[in-house]
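Below is one structure, written out as structure tokens, with a few remarks after it.
The values are calculated or read from the model by the stated rules, or taken from the named source; none is laboratory data. Predicted model, so just to flag it, every value in this text is computed and none were measured. Every residue, glycine among them, receives a Cβ derived from its backbone with ideal geometry; neighbour counts consider all protein chains shown.
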Amino acid sequence: MNRLLARPGRSVAPGRRVPLVATLGLALAAGSLAPSASAATGDPATVETPPVVSQRAIDEHAATEPQLSLDAPAALPPVTIAASPYERGPAPTVASIEAARGPFAVAQSTVSRFAASGFGGGTITYPTSTAEGTFGAVAISPGYTAAQSSISWLGPRLASQGFVVITIDTNSRYDQPSSRGDQLRAALAYLTGSSSVRGRIDASRLAVMGHSMGGGGALEAAKDNPALQAAIPMTPWNTDKTWPEVQTPTLVIGAQNDSVASVTTHAEPFYENLPGSLDKAYLELRGASHFAPNTSNTTIARQSIAWLKRFVDDDERYAQFLCPPPSGTAISEYRSTCPY
């Protein structure tokens, strides 16, 4: 946590401590130099003699008088910059964000296709306690022809770190990225507007994720809603390669051996064509296939949690996992616009 320390003042005669009795001495000296009223009028008959103060009296007074230090003044208490009001959970460690479950106990509820509006239903996973306040929310879309079960592992993984998560089914398994983007935004609207957990959510702290065409949909949602706080397209697919409109901090996750949405024609151009001024990062998974996000993956989880915490919760404690860029055997490439 950042702290600002008050700058010390300039010291006077370092190391010296002067008794307050010095003020008495000054007063006595002043008395010895000041003429009496008679002298002031020119009357030579009377000149007052200053009182005599013995050295013993001065020493006894000094022994009981508080000492005035002329050293540098005592340091003021540190001025602490307030932490983000959205910090949730204990201070993170590598082990804590790589764990299969975070510090929050979670529960789930099902959203039927008939109850959903604008998307095909889904599963909500959420922290059971609101003792620390409300949470940010994340909507996640599966890929082309896939059901929400293909990305369901992310629900408990993210929710246990302090998010309300909805993994969705799409209206049709053949929906294209633009439609999936609309459905992600509809799912967030449902979460914050009419879901049973809406009271747990801060509607100003929302994010989107998606796999394959769902990842392309996450980019579409970010383009259409600049108020989103974070977007994470995973091995994304989209025919649109340029995203100058996106204002949402975006983590693009590619897979080195992706033969469905090759990083050279999808993930990399997506990252490169996001605005240069944007908070963004490109993570490439070494030796991974297009379907890496469909099973529990520690690298995806760790970097996604750090990204969501940093930008949805404005929690600077997680910046350490983003800047300097992460490395390791599971990562073949990482680019970013650090620092954030």
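Details
- Checked across the range 265-287, the condition of being in the same structural domain as residue 309 (by TED's automatic domain parsing), β-branched (Val, Ile, Thr), in a loop (DSSP other than H, G, I, E, B) and over 30 Å from residue 101 (Cα atoms) holds for at least one residue.
- Selection of first residues in the range 175-195 that are outside the structural domain of residue 216 (by TED's automatic domain parsing) and surrounded by fewer than 22 Cβ atoms within 10 Å (Cβ to Cβ) and of second residues that are aromatic (Phe, Trp, Tyr) and in a loop (DSSP other than H, G, I, E, B), restricted to Cβ pairs under 9 Å at least 6 apart or on distinct chains, gives an empty result.
The rows are residues; the columns are (1) among the small types (Gly, Ala, Ser); (2) out of contact with any Leu (no Cβ under 7 Å at 6 or more places or on another chain).
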| site | (1), (2) |
| --- | --- |
| 141 | yes, no |
| 144 | no, yes |
| 151 | no, yes |
| 160 | yes, yes |
| 169 | no, yes |
| 180 | no, yes |
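- Out of 207, 222, sole residue that is buried (at least 23 other Cβ atoms within 10 Å of the Cβ), of a type in the set (A, V, I, L, M, F, W, C) and either out of contact with any strand residue (DSSP E or B) (no Cβ under 9 Å at 6 or more places or on another chain) or in a helix (DSSP H, G or I) (or both): 222
- Selection of the range 109-123 for residues being surrounded by 14 or more Cβ atoms within 10 Å (Cβ to Cβ), touching a Gly at 6+ places or on another chain (Cβ under 8 Å) and not hydroxyl-bearing (Ser, Thr, Tyr) yields 111, 116.
- Selection count, the range 251-286, where residues are of a type in the set (Ser, Thr, Tyr) and either within 24 Å of residue 310 (Cβ to Cβ) or under 22 Å from the mean Cα position of the chain (by Cα) (or both): 3
- Considering the conditions (1) in a strand (DSSP E or B); (2) without any contact (Cβ under 8 Å) to a residue 60 or more places away in the chain; (3) closer than 17 Å to residue 336 by Cβ, residue 232 is excluded by exactly one of them, (2).
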